[in-house]
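Single-structure report; data block below.
The values are calculated or read from the model by the stated rules, or taken from the named source; none is laboratory data. Here the structure is a predicted model, which is why all the values come from computation and not from measurement. Methodologically, a virtual Cβ is constructed for each residue, glycine included, from the backbone with ideal geometry; neighbour enumeration extends over all protein chains shown. Note: areas computed on protein heavy atoms with side chains; ligands, DNA, RNA excluded. Shrake-Rupley method; radii C 1.70, N 1.55, O 1.52, S 1.80 Å.
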Amino acid sequence: MVFEEKMILNGEPEDEEEEEEEDMVDPLDTVRDKCAQAEHCIHTRAKLEDCESRVGSKSETAEDCTEELFDFLHARDHCVAHKVFHSVK
């Protein structure tokens, strides 16, 4: 009887910790998504998307969208910096 119980426990380990980790959501990702929808971020994201479409439509160009990307990330991270620590316990 003891052997059967060991087989059952060894066959299917019950790790509740793994299940809890799957359900956890990073609060930083949540705040980043919300901030990306803010008015200033929408403006900089539109500039980034315009640049990406312009560069993507050309077959050969030296232009890249680094400046627009940095502007968007700066605007988003500025918003995140003010909100992220309110959601951390």
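Conditions tested, residue by residue: (1) free of Cβ contacts under 8 Å to residues at least 12 places away in the same chain; (2) basic (Lys, Arg); (3) under 18 Å from Asp26 (Cβ atoms).
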| site | (1), (2), (3) |
| --- | --- |
| Cys41 | no, no, no |
| Arg45 | no, yes, no |
| Arg76 | no, yes, yes |
| Phe85 | yes, no, yes |
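It is to be established whether one or more residues within the range 67-83 are more than 18 Å from the chain's Cα centre (by Cα), surrounded by 13 or more Cβ atoms within 10 Å (Cβ to Cβ) and at pLDDT 85 or above. Yes, the range 67-83 contains at least one residue that is more than 18 Å from the chain's Cα centre (by Cα), surrounded by 13 or more Cβ atoms within 10 Å (Cβ to Cβ) and at pLDDT 85 or above. The residue that is farthest from the chain's Cα centre (by Cα), counting only those in the range 32-66 that are open to solvent by less than 60 Å² (accessible area, probe 1.4 Å) and of a type in the set (Gly, Ala, Ser), is Ala46.
For Ile42, the requirement of being at pLDDT 90 or above and of a type in the set (Val, Ile, Thr) is met.
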